[in-house]
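Trainee: I am attaching a structure below and will ask some questions about it afterwards.
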Amino acid sequence: MGERGVDAFQEAPMNWFIDAGVMEQKSAFLGDKGKRWLWWPEKLAFKNWKNHIYCHYFGSKKARETWWRKLLFLWVVGWLLGSLWIFWFMYSQAVEKRKETIASMCDERARMLQDQFNVSMNHLQALAILISTFHHAKEPSAIDQVTFARYAERTAFERPLTSGVAYAVKVLHSERDEFERQQGWSIKVMYSKKQSPAQDDSSSEAQEASPVQGEYAPVIFAQDAYKHVISLDMLSGKEDHENILRARSSGKGVLTAPFRLVKSNRLGVILTYAVYKKELPSNATPAQRIEAAIGYLGGIFDVEALVDKLLHQLACKQSIMVNVYDTTNPNEPISMYGANITSNGIFHVSALNFGDPMRKHEMHCRFKQKPTLPWLAFTTSTGVLVIALLIGYIFHATVNRIAKVEDDYRQMMVLKKRAEAADVAKSQFLATVSHEIRTPMNGVLGMLQMLMDTDLDITQQDYVRTAQASGKALVSLINEVLDQAKIESGKLELEAAPFDLRAILDDVLSLFYGKSQEKGIELAVYVSDQVPEILIGDSGRIRQIITNLMGNSIKFTEKGHIFVTVHLVEEVMAGSLEVEKEAYSLYSLSGYPVVNKRQSWSNFNILNQDLPKKLLTPSSSDLINLIISVEDTGVGIPNEAQAQVFTPFMQVGPSISRIHGGTGIGLSISKCLVNLMKGEIGFVSEFQKGSTFTFTVVLSRVHSASNEYKSSEFQGMTSLIIDHRPARAKVTRYHLQRLRIQSEVAIDLMEVLPRMVNGMLRFNIVLVDQEAWPKFADHWPTFVSELAMGKNSEIPKIFLLANPSISTRNVSTKAMDHVSAVIMKPLRASMLLVSLQRAMGCGDKDNCQNGGAPGLSLRGLLHGRQILVVDDNIVNLRVAAGALKKYGAEVTCADSGKKAIMMLKPPHKFDACFMDIQMPEIDGFEATRRIREMEANINDRIKHGEVCSEDSGNVLHWHVPILAMTADVIQATQEECLKCKMDGYVSKPFEGEQLYREVARFFKSNIKKTQ
């Protein structure tokens, strides 16, 4: 041991003496009697005993060595005795197991022998019923000797254990003459008492007529091998006479004693059944059975052949010896099978029941080989002894290492505290870095946005857009790195708030609108009508997953389309989705071939479960399982790189980051987010053809759903969609349904033109895809004139759905005169709403810019609102104030939390407050707490009438919405915002869409304050 351990051991006895001295001082107050009572606790105290034993017996090295030798000797002797006991115990167990084995094997053979014997007995009983039915019940008899012999031979396979069968009829003495005259022979007697139908005595000289007696049992039918027994009286033999009498009185099969069969010289028995002239009740008396008996059927059983056949059916035939005995006379058992070998080894006796209660049979079994030496017991006991010796050695070595282990443990605790401190420092570092980088980036991006609102030439605008794109790319990179760090630390948590999935998808399409226009790629979204309008979940994380997948598709797609579809998992499991056609290009969105997206979810566990049919239909359950697919026609992923798609910081090739950019962690983050939402993610990709990524998420249902785009102004209107691609027409129809516009799809305009001219079909709107437009462009003037002259009084508005990849320059100007508006794809409900309002004359023309982006809605929400912006950074203060003023808000600035508290002291004029979190002196959290305390105080005073309505600004309940405005995106920060009763959270840098989502929650109505 080390010096530290020795010092600790040397200090222990001193502690013991000190404790003893204290006890002695305390006991002085109790007297001699009290001391005697205190003596037992002192002696029994565990700590004192431990110290006392160590001090007296292990205090010195020599004493430790002496006691260790004694302990080791006792250890060895004890385990030596223990190993001998183990040997004896295991040997006893082996013997007992051997007994159980021989008992199991013997019982199994006895049971099988008994079962096979019973099968043959059942067939003999059936033959007796057959004779009763067709011989005695028929007049004349349907059975003669030839028929019986032939039937017995042909059905011998049903009685494989019988050597032959014979039938004897009951004849009374008064019927003997008539019977002999009919048979043509006289009834003969069996000379020997031991003679039986199994014995061959073919000399007719040895047979003579049966003497006069009350009744006879002559054999009338016999198998060909035993034809010589015909005419013999079975009642003239002693054993046969007894068998017949017992058989007819009991109504059961009766066995004879074993005897040697003539042909095979094997031991056998005869089974006799009585045949009755009528069916007797089960409780018939022996007298009734004797009177009703009309004949006797006998069957010969070859017992040795039976047992041989049984043993050949078992795989371990050679492992045991079997003997079968007739133990009717227990003093003189008759051996029926097996050699009479006496052995002192283990044997087992199993009882046999062949259906005759008067005869007893047994099966004796024993092993052929002698038992092997108990090697297992010997090796186990020896092994235990060796292990015990090794344990003693190990214990000796362990004692010497205890001190080192204790030192290692103390060092480990120190390292653990350092690791925990490092984890806290990492979180603080992430928060600090996030804030410190986002704060200047908020100023950079905000000022660039304000610069874009000024008058710039084309070159300057291009420079500003490039700077904005670079700044946003840097912010996106920061977000991805922070998300990856939170996922690795297990601190990423999901929100559960209501959201509109269709609106989120429209926002994602707007995000990639510019890039799709640059590349000429068609974007589209389709959501099944089975998906509820409003869902509960983390909308931000779902938006992040879809944005990552679409961002990759945009990055690696140069032509074709990107198609996002959303369905319920139950729709996929029920097979209600459209089946992929063979011609992929004809049925795809843009005409380019696509991969089979079904392969992207083929390995999902939720789709491979066998569920009842009633669960395959969308139900009213609160849980919603969505399956979302993102399909593109890009370059695809090579087969050798597909295994690393979801690996962080891994890309397809070394040149990818140089050509397309990116860090390679977007898909990894998406997979982790999908797993957190209890979903799965997969993909299918073919090189130079495209990819499809599919994932599932589990969300909750909101029963009171509403959609802001379901305006009633278009309800009842009808539309015609002219598009030869079903997938593209389905997308257009989906967006029109969101506006409550009924639609019909046509591939060719000429199909519906006659019905429209005749007035059979009336449409308010006609939407024509640009790809189909050139085919009908020259016919539009004629089409419009025919409609004007026909029964259709109203000329429908014609809208051209323009693709970014197709130019409209080649279309004639004359045809374009009839087009009310050109709607650029991708289609979104907000943009479609504005376009239709403009064309119908019911909308604001200023709303058409960028398809009705949230800017308009923000302007409507923030116009005239009094907003207080609090931030200690002057640049960020100007950026936030400028962004809010852009939407019509009246902004007041404050550069500290202390000023914000003074300005928001009720009564005040502000409708909302945007407050930075990290500020000197009083941060945003503390400022919000104090503001809420002031509001709670004045609300309580208003409630109790201590403050009049004029003094409180005519407000009955004060609660100003406070939005946290910070560059810190750590989850703990968001939780702290909610804890201090902030109303929302806006991360820097913020944009129009982000502002709209937060502001719309409490500025939705025109009521300024609750009065």
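Trainee: Regarding residue 495, is this residue touching a residue at least 60 places away in the same chain (Cβ under 8 Å) and within 21 Å of residue 548 (Cβ to Cβ)?
Mentor: Numbers: touching a residue at least 60 places away in the same chain (Cβ under 8 Å): no; within 21 Å of residue 548 (Cβ to Cβ): yes.
Spelling it out, it is not the case that residue 495 is touching a residue at least 60 places away in the same chain (Cβ under 8 Å) and within 21 Å of residue 548 (Cβ to Cβ).
Trainee: Further question: Restricting the search to the stretch 901-928, which residues are of a type outside the set (Asp, Glu) and exposed (fewer than 15 other Cβ atoms within 10 Å of the Cβ)? Give the steps one after another, and end with the answer.
Mentor: Going through the stretch 901-928, the residues of a type outside the set (Asp, Glu) turn out to be 901-910, 912-915, 917-920, 922, 924-925, 927-928.
Selection gives 902, 905, 907, 909, 920.
Trainee: When only residues in the stretch 222-240 that are modelled with pLDDT under 85 and over 23 Å from residue 126 (Cα atoms) count, which is surrounded by the fewest Cβ atoms within 10 Å (Cβ to Cβ)? Write out each step before concluding.
Mentor: Just the residues of the stretch 222-240 that are modelled with pLDDT under 85, to begin with: 224-229, 236-240.
Now restrict to residues that are over 23 Å from residue 126 (Cα atoms): 228, 236-239.
Working: 228: 17, 236: 22, 237: 23, 238: 13, 239: 16.
Within the stretch 222-240, the match that is surrounded by the fewest Cβ atoms within 10 Å (Cβ to Cβ) is 238.
Trainee: Quick one: in the stretch 165-183, of everything that is closer than 16 Å to residue 136 by Cβ and outside any helix (DSSP H, G or I), which residue is farthest from the chain's Cα centre (by Cα)?
Mentor: Out of the qualifying residues, it is 172.
Trainee: Does any residue of the stretch 921-937 turn out to be on the phi > 0 side of the Ramachandran plot and at pLDDT below 90?
Mentor: Initially, the stretch 921-937 is screened for residues on the phi > 0 side of the Ramachandran plot, giving 921.
Now restrict to residues that are at pLDDT below 90: 921.
Among the residues of the stretch 921-937, at least one is on the phi > 0 side of the Ramachandran plot and at pLDDT below 90, which makes the answer yes.
Trainee: Now, a different point. Of all residues in the stretch 86-119, which are under 25 Å from residue 370 (Cα atoms) and more than 50 Å from the chain's Cα centre (by Cα)?
Mentor: Here is the first cut: in the stretch 86-119, the residues under 25 Å from residue 370 (Cα atoms) are 86-110.
Matches in the stretch 86-119: 88 only.
Trainee: Turning to a different aspect of this structure: Identify the residue in the stretch 157-179 that is closer than 14 Å to residue 247 by Cβ and either of a type outside the set (A, V, I, L, M, F, W, C) or outside the structural domain of residue 121 (by the TED database) (or both) and, among all such residues, is surrounded by the fewest Cβ atoms within 10 Å (Cβ to Cβ).
Mentor: 170
Trainee: Within the stretch 407-429, which residues are in contact (Cβ under 8 Å) with a residue 60 or more places away in the chain and of a type in the set (Asp, Glu)? Steps first, please.
Mentor: Restricting attention to the stretch 407-429, the residues satisfying the condition of being in contact (Cβ under 8 Å) with a residue 60 or more places away in the chain are 407, 423, 426-427.
Listed by number, the residues that qualify are 407, 423.
Trainee: Only one of 392, 345 is of a type in the set (Gly, Ala, Ser), within 20 Å of residue 95 (Cα to Cα) and either touching a residue at least 40 places away in the same chain (Cβ under 8 Å) or surrounded by 12 or more Cβ atoms within 10 Å (Cβ to Cβ) (or both); which?
Mentor: Numbers: 392 fails: within 20 Å of residue 95 (Cα to Cα).
345 is the lone residue from the list that is of a type in the set (Gly, Ala, Ser), within 20 Å of residue 95 (Cα to Cα) and either touching a residue at least 40 places away in the same chain (Cβ under 8 Å) or surrounded by 12 or more Cβ atoms within 10 Å (Cβ to Cβ) (or both).
Trainee: Taking interchain pairs and intrachain pairs at least six residues apart, which have beta carbon atoms under 8 angstrom, with the first residue in the stretch 308-324 and farther than 17 Å from residue 349 by Cβ and the second modelled with pLDDT of 75 or more and among the acidic types (Asp, Glu)?
Mentor: Correct list of pairs: 314/108.
Trainee: Which of the residues spanning the stretch 478-518 are in contact with a Pro (Cβ under 9 Å, 6 or more places away or on another chain) and at positive phi?
Mentor: none
Trainee: Here's a follow-up. Does residue 666 qualify as being at pLDDT 90 or above and either within 30 Å of residue 640 (Cα to Cα) or outside the structural domain of residue 831 (by the TED database) (or both)? Walk me through it before giving the result.
Mentor: Numbers: at pLDDT 90 or above: no; either within 30 Å of residue 640 (Cα to Cα) or outside the structural domain of residue 831 (by the TED database) (or both): yes.
The answer is no for residue 666.
Trainee: Which one of 635, 630 is crowded, with 20+ Cβ neighbours inside 10 Å and either at pLDDT 70 or above or touching a Leu at 6+ places or on another chain (Cβ under 6 Å) (or both)? I'd like the intermediate steps shown before the answer.
Mentor: Working: 635 fails: crowded, with 20+ Cβ neighbours inside 10 Å.
Answer to the selection: 630.
Trainee: Sticking with this structure for a sec: Restricting attention to the stretch 310-318, does a residue exist that is in a strand (DSSP E or B) and not aromatic (Phe, Trp, Tyr)? So that I can check it myself, show each step before the final result.
Mentor: First pass over the stretch 310-318, keeping only residues in a strand (DSSP E or B): none.
Checking the stretch 310-318: not a single residue is in a strand (DSSP E or B) and not aromatic (Phe, Trp, Tyr).
Trainee: Which of the residues belonging to the stretch 414-457 are among the small types (Gly, Ala, Ser) and crowded, with 16+ Cβ neighbours inside 10 Å? Let's see the steps before the verdict.
Mentor: If we filter the stretch 414-457 for residues that are among the small types (Gly, Ala, Ser), which is where we start, we get 419, 421-422, 425, 427, 431, 434, 443, 446.
Those that are among the small types (Gly, Ala, Ser) and crowded, with 16+ Cβ neighbours inside 10 Å: 427, 431, 434, 443, 446.
Trainee: Next question, about the same structure. How do the pairs read when you match residues in the stretch 942-962 that are surrounded by fewer than 17 Cβ atoms within 10 Å (Cβ to Cβ) with residues anywhere that are not charged (D, E, K, R), using Cβ under 6 Å and keeping only pairs 6 or more apart or on different chains?
Mentor: 953/907; 956/1011; 957/939; 957/1010
Trainee: Of the conditions (1) small (Gly, Ala, Ser); (2) within 29 Å of residue 272 (Cβ to Cβ); (3) modelled with pLDDT of 90 or more, residue 132 clears all except one; give me its number.
Mentor: (3)
Trainee: Would you kindly identify the helices (runs of 4 or more DSSP H) lying entirely within the stretch 767-872 that contain at least 1 residues that are at pLDDT 70 or above? Can you show your working first?
Mentor: Values: elements: 773-776, 780-789, 813-816, 829-840, 854-862.
Ranges flagged: 773-776, 780-789, 829-840, 854-862.
The values are calculated or read from the model by the stated rules, or taken from the named source; none is laboratory data. As the structure is a computational prediction, the values presented were derived from the model and not from experiment. As a convention, Cβ positions derive from the backbone with ideal geometry for all residues, glycine included, and neighbour counts pool all protein chains shown.
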